[in-house]
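Everything below concerns the one structure shown next.
The values are calculated or read from the model by the stated rules, or taken from the named source; none is laboratory data. What you see is a predicted model; the values in this text were computed from it and never measured. Cβ placement follows ideal geometry from the backbone for every residue including glycine, while neighbour counts extend to all protein chains displayed.
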(Lines give C-alpha, C1' and ligand atoms only; values in the text may rest on other atoms or scores of the structure.)
Protein backbone atom coordinates (compact mmCIF):
# COMPACT_ATOMS: atom_id res chain seq x y z
CA UNK A 1 0.00 0.00 0.00
CA UNK A 2 1.24 3.44 -0.88
CA UNK A 3 2.03 5.57 2.15
CA UNK A 4 4.89 7.72 0.86
CA UNK A 5 3.68 11.16 -0.23
CA UNK A 6 5.94 11.18 -3.31
CA UNK A 7 4.31 7.94 -4.46
CA UNK A 8 0.86 9.50 -4.00
CA UNK A 9 2.01 12.44 -6.13
CA UNK A 10 3.38 10.06 -8.79
CA UNK A 11 0.10 8.13 -8.91
CA UNK A 12 -1.82 11.37 -9.46
CA UNK A 13 0.56 12.55 -12.19
CA UNK A 14 0.71 9.24 -14.08
CA UNK A 15 -2.94 8.13 -13.97
CA UNK A 16 -5.41 10.42 -15.73
CA UNK A 17 -8.39 8.14 -16.42
CA UNK A 18 -10.42 7.55 -13.26
CA UNK A 19 -13.44 5.29 -12.85
CA UNK A 20 -15.33 6.73 -9.87
CA UNK A 21 -17.42 3.98 -8.28
CA UNK A 22 -20.44 5.38 -6.46
CA UNK A 23 -20.32 8.76 -8.20
CA UNK A 24 -23.51 10.67 -7.43
CA UNK A 25 -25.19 13.16 -9.76
CA UNK A 26 -26.08 15.27 -6.72
CA UNK A 27 -23.72 18.25 -6.58
CA UNK A 28 -23.65 18.32 -2.77
CA UNK A 29 -22.28 14.79 -2.44
CA UNK A 30 -18.54 14.34 -1.79
CA UNK A 31 -18.18 11.99 -4.76
CA UNK A 32 -19.56 14.63 -7.15
CA UNK A 33 -17.41 17.39 -5.66
CA UNK A 34 -14.22 15.32 -5.87
CA UNK A 35 -14.92 14.03 -9.38
CA UNK A 36 -15.84 17.49 -10.68
CA UNK A 37 -12.62 18.90 -9.23
CA UNK A 38 -10.53 16.18 -10.89
CA UNK A 39 -12.38 16.63 -14.19
CA UNK A 40 -11.71 20.38 -14.02
CA UNK A 41 -8.01 19.57 -13.57
CA UNK A 42 -7.69 17.52 -16.74
CA UNK A 43 -8.63 14.03 -15.60
CA UNK A 44 -11.06 11.84 -17.54
CA UNK A 45 -13.84 10.80 -15.17
CA UNK A 46 -15.80 7.64 -15.88
CA UNK A 47 -18.86 7.44 -13.60
CA UNK A 48 -19.83 4.04 -12.22
CA UNK A 49 -23.29 3.94 -10.66
CA UNK A 50 -26.27 1.84 -11.81
CA UNK A 51 -28.68 4.62 -10.78
CA UNK A 52 -27.69 7.09 -13.53
CA UNK A 53 -27.27 7.21 -17.28
CA UNK A 54 -24.97 10.25 -17.22
CA UNK A 55 -22.97 12.20 -14.64
CA UNK A 56 -20.70 15.20 -15.28
CA UNK A 57 -21.40 14.95 -19.00
CA UNK A 58 -20.03 11.39 -19.16
CA UNK A 59 -21.83 8.10 -19.79
CA UNK A 60 -22.40 6.36 -16.47
CA UNK A 61 -21.78 2.61 -16.32
CA UNK A 62 -23.53 0.17 -13.94
CA UNK A 63 -20.28 -1.64 -13.04
CA UNK A 64 -16.54 -1.57 -13.68
CA UNK A 65 -16.88 -4.55 -16.03
CA UNK A 66 -19.40 -2.63 -18.15
CA UNK A 67 -16.83 0.07 -19.03
CA UNK A 68 -15.51 -0.42 -22.58
CA UNK A 69 -11.88 -1.50 -22.43
CA UNK A 70 -10.85 1.11 -25.00
CA UNK A 71 -11.51 3.83 -22.38
CA UNK A 72 -8.38 2.61 -20.61
CA UNK A 73 -9.28 2.93 -16.93
CA UNK A 74 -6.09 3.62 -15.01
CA UNK A 75 -7.47 4.28 -11.53
CA UNK A 76 -10.52 3.02 -9.68
CA UNK A 77 -11.66 5.52 -7.04
CA UNK A 78 -14.07 3.97 -4.52
CA UNK A 79 -16.91 5.95 -2.90
CA UNK A 80 -18.69 2.91 -1.46
CA UNK A 81 -19.05 1.21 1.89
CA UNK A 82 -16.06 -0.85 3.01
CA UNK A 83 -18.08 -4.08 2.60
CA UNK A 84 -18.25 -3.47 -1.16
CA UNK A 85 -14.51 -2.86 -1.53
CA UNK A 86 -13.23 -6.47 -1.89
CA UNK A 87 -15.52 -7.20 -4.85
CA UNK A 88 -14.56 -3.85 -6.38
CA UNK A 89 -10.89 -4.72 -5.95
CA UNK A 90 -11.49 -7.96 -7.86
CA UNK A 91 -13.22 -5.98 -10.61
CA UNK A 92 -10.42 -3.41 -10.73
CA UNK A 93 -7.89 -6.21 -11.24
CA UNK A 94 -10.12 -7.81 -13.87
CA UNK A 95 -10.42 -4.64 -15.99
CA UNK A 96 -6.67 -3.98 -15.86
CA UNK A 97 -6.61 -0.85 -13.74
CA UNK A 98 -3.25 0.25 -12.37
CA UNK A 99 -4.40 1.91 -9.14
CA UNK A 100 -7.08 1.08 -6.58
CA UNK A 101 -7.93 4.17 -4.48
CA UNK A 102 -10.09 3.86 -1.37
CA UNK A 103 -11.56 7.17 -0.26
CA UNK A 104 -11.50 8.55 3.28
CA UNK A 105 -13.18 6.13 5.66
CA UNK A 106 -13.32 3.27 3.16
CA UNK A 107 -11.12 0.85 5.06
CA UNK A 108 -10.80 -2.76 3.90
CA UNK A 109 -7.69 -4.86 4.48
CA UNK A 110 -9.08 -7.64 2.30
CA UNK A 111 -9.67 -5.23 -0.60
CA UNK A 112 -6.13 -3.92 -0.24
CA UNK A 113 -4.79 -7.50 -0.29
CA UNK A 114 -6.84 -8.44 -3.36
CA UNK A 115 -5.75 -5.35 -5.29
CA UNK A 116 -2.08 -5.71 -4.37
CA UNK A 117 -2.05 -9.43 -5.20
CA UNK A 118 -3.56 -8.47 -8.55
CA UNK A 119 -0.66 -6.09 -9.22
CA UNK A 120 -2.41 -2.80 -8.48
CA UNK A 121 -0.97 0.04 -6.49
CA UNK A 122 -3.25 0.91 -3.59
CA UNK A 123 -3.98 4.19 -1.85
CA UNK A 124 -6.26 3.89 1.16
CA UNK A 125 -8.13 6.28 3.44
CA UNK A 126 -7.25 9.38 1.40
CA UNK A 127 -9.32 11.70 -0.78
CA UNK A 128 -8.12 12.03 -4.37
CA UNK A 129 -9.31 15.66 -4.52
CA UNK A 130 -7.60 16.67 -1.29
CA UNK A 131 -4.36 14.94 -2.24
CA UNK A 132 -4.34 16.49 -5.71
CA UNK A 133 -4.98 19.97 -4.32
CA UNK A 134 -2.36 19.53 -1.61
CA UNK A 135 0.36 18.01 -3.77
CA UNK A 136 -0.22 19.48 -7.22
CA UNK A 137 -1.64 22.91 -6.45
CA UNK A 138 -5.12 24.25 -6.17
CA UNK A 139 -5.48 24.37 -2.40
CA UNK A 140 -5.69 27.63 -0.49
CA UNK A 141 -7.64 29.21 2.35
CA UNK A 142 -10.93 28.59 0.54
CA UNK A 143 -10.03 25.11 -0.71
CA UNK A 144 -9.64 26.32 -4.30
CA UNK A 145 -7.09 28.28 -6.24
CA UNK A 146 -7.90 31.88 -7.12
CA UNK A 147 -4.79 32.52 -9.25
CA UNK A 148 -4.43 35.82 -7.42
CA UNK A 149 -1.26 36.60 -5.48
CA UNK A 150 -1.59 39.47 -3.07
CA UNK A 151 -0.32 40.57 0.31
CA UNK A 152 -3.55 42.50 0.89
CA UNK A 153 -6.35 40.87 2.79
CA UNK A 154 -9.65 41.15 0.88
CA UNK A 155 -12.27 43.34 2.57
CA UNK A 156 -14.67 40.43 2.86
CA UNK A 157 -12.07 38.48 4.88
CA UNK A 158 -11.45 41.20 7.47
CA UNK A 159 -12.71 40.19 10.91
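Looking for something over 15 Å from the mean Cα position of the chain (by Cα), within 11 Å of residue 21 (Cβ to Cβ) and without any contact (Cβ under 8 Å) to a residue 12 or more places away in the chain - is there at least one such residue anywhere in segment 87-98?
Checked segment 87-98: at least one residue is over 15 Å from the mean Cα position of the chain (by Cα), within 11 Å of residue 21 (Cβ to Cβ) and without any contact (Cβ under 8 Å) to a residue 12 or more places away in the chain.
Counting only residues that are in contact (Cβ under 8 Å) with a residue 60 or more places away in the chain and farther than 20 Å from residue 122 by Cβ, how many does segment 36-82 have?
2
Can you pull out every residue in segment 79-102 that is touching a helix residue (DSSP H, G or I) at 6+ places or on another chain (Cβ under 8 Å) and over 19 Å from residue 15 (Cβ atoms)?
Within segment 79-102, 80, 82, 86, 90 qualify.
Please go through segment 111-123 and give me each residue that is surrounded by 15 or more Cβ atoms within 10 Å (Cβ to Cβ) and part of a helix (DSSP H, G or I), ordered by number.
111, 112, 114, 115, 116
What are the residue pairs meeting all of these: first residue in segment 126-148, first residue on the phi > 0 side of the Ramachandran plot and loosely packed, with under 15 Cβ neighbours inside 10 Å, second residue part of a helix (DSSP H, G or I) and modelled with pLDDT of 60 or more, Cβ atoms under 8 Å, and 6 or more apart or on different chains?
So the pair list comes out as 143/133.
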